[in-house]
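J.: Dropping a structure here in structure tokens format, bear with me for questions.
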Amino acid sequence: MTTFSFHHVRIPGHDSLHDLRIQDGRIIQLAPSLSASPQSYDAQGGLLLPPLSDPHLHLDAVLTAGDPEPNRSGTLIEGIERWNQRKKYLTEEDVMVRAREAIRWHIAHGVLYIRSHVDVSDDSLTALRALLRLRQELPPGVILQLVAFPQDGIFCRPNGPELMEEALKLGADVVGGIPHYEWTREDGIKDIQLAFDLAGKYHRSIDIHCDETDDDHSRFLETMAKLTLDNQWAGRVTASHTTAMASYNEAYAFKLMRMLKEAGVAIIANPLDNIVLQGRFDQYPKRRGMTRVKELLRSGICVGAGHDSIVDPWYPWGTGNPLFVASMLAHIAQMTGADELDAVLSTVTTNAAQIMTISSYPPTLSVHEGQPANFVIYPVADKVDLIRLMPLPRWVVAAGQILAHTEPQTTQLAWSPDQFEPVTFHSPRFL
Ligand SMILES: [Zn+2]
């Protein structure tokens, strides 16, 4: 029975600083002042939030940028070519080593819930086998969902449908798809239909890479919405990327958003990849290429945001920090308005957890007594500084255990000779 406590914590929804005591994996006490536990930590006014989530990541490809060749153009298509080169010599050990490292980076950034797409276009399903093995060794409280993702298309190859089904039998949790990448519109529709058939047969959720293109004629999302309605699958269907929506005319986008709301389809934006991969055929003005995040959220549609790539053939940078994802999303969607910050943060917290159906996740960014002890404490006082500074959490607590600890970075600056003073970067109101 481990008992420990945090003191002087700032919790959304409470005016004063609070203390909290953790025991047997739960928050057993939450009050303005508690006696110290055998292990006590002073949060010094740091902000406590539920854990972060990354609902869209490609763990099989992480940390492969430049191997065997870099993506020199930076385009989506060259990324797929480079990945096809790399895929030829994947081994389970190779995937496990890289994916484990990326998960460690995520946990250090406060992420306890990850949904990873796994390429199931190879006959041996090496990457899926590796990630299923890796899942066995995750620390308590960390959840990894795996999506059977047909990177090369399902109907571009003779055994595509069989590989998808085999992946589900092996243990993939979610059915994927890539309709816009099939060679014909007809095959794209079949790609989505197959996902619904398999989801029904194996009782799985659906998360399809849908309309990840600047082609405004790519309209597979409407088919996803219709099949979700027909099958009464509200809340279990997610469309990822949907970048073509940024190029649709207003009348069609309006109709589509009504359908999505009615059907209960969630959307995942991937701002890091899409701001660099989309608009590549454009002269000026260049499109931003991210789906309509602001308008979808305003329409009441659940929108999450994923890191998508980390140092891979499609996106050469990134550290596994969802706050960087949320910051990029806010910039591209022009969501820097004073009242829009909670909506921005919801894409990597509450909405992302809802998409992943994390049942223990609180509905708001607050915590309560009796709740499972899964949370992060940041070395900042409010959400503005959180998105501005994008810090590592000072503590990451999962299933009642401290899983990661980072001492806040401090810089000493000598304005006058030898008179070193700290630079905090905090907002002026906290100076
Ligand atoms: Zn993706």
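Rule-based calculations on the coordinates, nothing more; no lab input. The shown structure was predicted, so the numbers you read here are calculated from the model rather than taken from an experiment. Cβ sites come from the backbone with ideal geometry, for glycine too, and all protein chains shown count toward neighbours.
J.: Under the rule a/c < 1.5 gives rounded, and otherwise a/b versus b/c splits prolate from oblate, where does the range 65-111 land using the Cα gyration tensor? It would help to have the intermediate numbers written out before the result.
T.: Values: a/c = 3.20, a/b = 1.55, b/c = 2.07.
Since a/c reaches 1.5 but b/c is at least a/b, the shape of the range 65-111 is classed as oblate.
J.: Now a separate question. Can you compute the modelled spin-label distance between Gln334 and Asp15, with each label point 7 Å from Cα toward Cβ, in nm?
T.: For the pair Gln334/Asp15, the computed spacing is 3.8 nm.
J.: May I pose another question? Once phi is turned into ³J(HN,Hα) by the Karplus curve 6.51 cos²θ - 1.76 cosθ + 1.60 with θ = phi - 60°, what whole-Hz value does each residue of the range 398-408 show in order, with x for glycine and proline?
T.: 10, 6, x, 10, 6, 9, 8, 9, 10, 6, x
J.: DSSP loop trypsin sites (Lys or Arg not before Pro) in the range 45-96 with at most 10 other Cβ atoms within 10 Å of their Cβ, which ones?
T.: Details: sites: Arg72, Arg82, Arg86, Lys87, Lys88; in loops: Arg72, Lys88.
Of the trypsin sites (Lys or Arg not before Pro), the ones in loops of the range 45-96 whose Cβ has at most 10 other Cβ atoms within 10 Å are Arg72, Lys88.
J.: Taking every DSSP beta bridge that has both residues in the chain, what percent is antiparallel when rounded to the nearest 5?
T.: The answer is about 40 percent antiparallel.
J.: Tell me whether the range 192-250 comes out rounded, prolate or oblate; compute the Cα gyration tensor, take square roots of the eigenvalues as a ≥ b ≥ c, and use a/c under 1.5 as the rounded threshold.
T.: prolate
J.: Another question about this same structure. From the Cα gyration tensor of the range 52-355, with a ≥ b ≥ c the square roots of its eigenvalues, which class applies: rounded if a/c is under 1.5, or else prolate if a/b is larger than b/c, or else oblate?
T.: rounded
J.: Rounded to the nearest 500, what is the 222 nm mean residue ellipticity of the chain from helices alone, with -39500 (n - 2.57) per DSSP H run of 4+ residues and division by all residues? Before the final figure, lay out each step's value.
T.: Numbers: 13 runs with 137 residues, N = 431.
Result for the chain, helices only: -9500 deg cm²/dmol.
J.: Here's something else I'd like to know. Give the order of Leu131, Leu34 when sorted by the count of other beta carbons within 10 angstrom, beginning with the fewest.
T.: Leu34, Leu131
J.: Net charge near Pro12: determine it from the other residues with C-beta under 14 Å of the C-beta of Pro12, scoring Lys and Arg +1 and Asp and Glu -1.
T.: Neighbourhood net charge equals -2.
J.: Fewest to most neighbouring Cβ within 10 Å: what's the order for Ser240, Ser359?
T.: Ser359, Ser240
J.: Could you tell me the center-to-center distance, by alpha carbons, between the range 395-431 and the range 186-218 in angstrom?
T.: Taking the Cα centre of the range 186-218 as reference, the centre of the range 395-431 is 46 Å away.
J.: Something else: Order by neighbour count: Glu262, Glu182, Glu340, fewest other Cβ atoms within 10 Å first, most last.
T.: Glu262, Glu340, Glu182
J.: Using 29 Å as the Cα-Cα cut-off, could you pick out the over-long pairs in Lys190/Lys261; Lys169/Lys190; Lys169/Lys261; Lys286/Lys383? Don't skip to the end; give the middle numbers.
T.: Numbers: Lys190/Lys261 23 Å; Lys169/Lys190 20 Å; Lys169/Lys261 32 Å; Lys286/Lys383 31 Å.
As for pairs spanning more than 29 Å Cα to Cα, those are Lys169/Lys261; Lys286/Lys383.
J.: I would also like to ask the following. Go through Val276, Pro179, Pro139 and say which Cα lies farthest out towards the positive end of the charge dipole of the range 52-355; charges sit on Cβ, +1 for Lys and Arg, -1 for Asp and Glu.
T.: Pro139
J.: If you stretched the chain out fully between Arg298 and Gln409, how much longer would it get, using 0.36 nm times the residue separation minus the C-alpha to C-alpha distance?
T.: Full extension of this stretch gives 36.3 nm more.
J.: Follow-up. If you count, for each residue, the other Cβ atoms within 10 Å and average over each peptide, how do 12-20, 95-103 line up from highest to lowest? The partial results should precede the final answer.
T.: On the way: 12-20: 15.3, 95-103: 20.7.
Order by mean packing, descending: 95-103, 12-20.
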